[in-house]
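Reviewing the structure listed below.
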Amino acid sequence: MRKKNKPVATLIKQYCDKQSGKVSEARRELHWRFNCLDWNQQKKIIMAHLESCATDRDWIYPRLLRLWDESFEDKIKELWETYKEPRCSWLVVRHLPESYVKEHLDELMNGRNYYFICLRFGEQKDFVVDKEKLAPVDYLTVMDMTHREITDEDALQSLYRVVIHELLHPTYDIMNHRHRKMGEPSLNLIRNINQGMFCLRMMQKENCLAEFERWDAEVSKLAISKLQEAKTARMSDHEYNIKVYFALMDSASELLPEEYKNSRVNDWKQQDPLVASLVEQLNLEEAIPEVTDWEPIPF
C-alpha cells in the first residue's frame, strides 16, 4: 500500500538533501507523480535532476525533450561541455541555438544525432546531407521533410534499400493489425517500409511507388502461400503478426529484383558503407542473395 502523499516541495527537499536518508524514496515518488504535476512543479524537479547524478540526469533528459523551456539553456550548455553525455546531446541538437550547435557539430555527429541535425538544418541550402551517414528510411525521411530534390532513380533505389536494410537488420516491427481478418499481408505493414513508401508519396514519386507496389504485390502472393497453415492455427494476434513479418521478409528476399541482387552491388559497395561492410564481413562476392540468408520461423 502506498503511503499518503507528501507535498511535492517536501519530496524535492528530501531528494536534494543527500544526507536526508530519504533520497531514494523521494526520487521514486517524484518519478511516479511527475507526468501528473503542473509545470511549475515539473520545472523544479527537472532542475533538481539536472543538478544531481548521471543516472538522474539520464532519466530527465528524454522528458526535457518534450518539456523544453529556454530557462534550461545555460544549464544544458554547462552539462554538455562538462560531461558530453549522449542523452544531453539530444537536447543540444534539438533545442540549443543554431550557432551553438554548429560550433559543436563535430562532437554531435555520433549515432542517430546526425538524422536530427539533418532535419534541423536540411532546408538550408549550404547544408550538405551525407547519405552514407543515414539509414535508408532516415535518408528518405530527411529528403521529404526538408523538401529536397531527389531523382526517381535515387528514390526507388533508396526504397529498395529500406527493404534490404530490414532484411539485414530485422526490426520485427509490423504494424499491429488483426491480419487474419483484415486482408492480405503487404510490405507496407512493416513500419520502416511503410515510412519509406509514405515519403515517396509525399515527394510525389508516384511512378516509383507504382513500380515498387507491383513488386510488393508479388511478394504478398508468395507470403500468402507461406501463411496458409498459420492462418488457421490457434495463436494470438501478436504471434500471427510475427509469422506475417517473417513470411513477408522471406518472400522479399526470394523475389528481390535482380538489379538489386547483383548488378548494383559493386556500385553500392563504393557508395554505401552499409553494403560494403556486410560484403566484407560475410566474405561475399556478389552480396544480396546470400546476405538475406536467414532462418525464418517455421510456417
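Leaving ligands, DNA and RNA out of it, report the carbon-plus-sulfur percent of the accessible area of the range 1-122 at a 1.4 Å probe. Of all accessible area on the range 1-122, carbon and sulfur atoms account for 50 percent.
Whole-Hz Karplus values for the range 240-247 come out as 5, 4, 5, 4, 4, 4, 5, 4 Hz, taken residue by residue from phi with 6.51 cos²θ - 1.76 cosθ + 1.60 and θ = phi - 60°; glycine and proline positions read x. Label-to-label distance, SER24 versus GLU107, with points set 7 angstrom from Cα along the beta-carbon direction: 3.4 nm. For a paramagnetic label modelled on GLN124 (point 7 Å from Cα along Cα→Cβ), amide N atoms under 19 Å away belong, within the range 149-178, to 149. What the phi angles of the range 31-37 give under the Karplus curve with 6.51, -1.76 and 1.60, with θ = phi - 60°, is a coupling list of 5, 5, 8, 3, 5, 9, 8 Hz, glycine and proline written as x. Length, then width, then depth: along the principal axes, the Cα atoms of the range 135-175 run 31, 19, 16 Å. If the segment from ALA233 to GLU98 were pulled out straight at 0.36 nm per residue, it would be longer than the present Cα-Cα gap by 43.1 nm. The alpha-carbon of LYS6 sits under 15 angstrom from the alpha-carbons of these aspartates and glutamates, leaving out residues fewer than 8 places away in its chain: GLU25, GLU29. In this structure the range 19-60 gives 56 Å² per residue of accessible area when probed at 1.4 Å with all protein chains present.
Heavy-atom accessible surface of the range 199-262, averaged per residue, reaches 51 Å², computed with a 1.4 Å probe. Along the range 122-136 the Karplus relation, 6.51 cos²θ - 1.76 cosθ + 1.60 evaluated at θ = phi - 60°, assigns HN-Hα couplings of x, 7, 7, 4, 7, 8, 9, 7, 8, 4, 5, 8, 10, 4, x Hz to successive residues, with x for each Gly and Pro.
Which entries in LYS43/LYS131; LYS13/LYS102; LYS133/LYS243; LYS133/LYS205; LYS133/LYS261; LYS84/LYS133 show an alpha-carbon gap greater than 29 Å? Long pairs (Cα-Cα over 29 Å): LYS43/LYS131; LYS13/LYS102; LYS133/LYS243.
The values are calculated or read from the model by the stated rules, or taken from the named source; none is laboratory data. Remember, it's a predicted structure, so these values are computed and weren't measured experimentally. Don't worry about glycine lacking a Cβ; one is built from the backbone with ideal geometry, like all the others, and counts go over all protein chains shown. Calculation scope for accessible area: heavy atoms of the full protein, side chains included, ligands and nucleic acids excluded. Shrake-Rupley method; radii C 1.70, N 1.55, O 1.52, S 1.80 Å.
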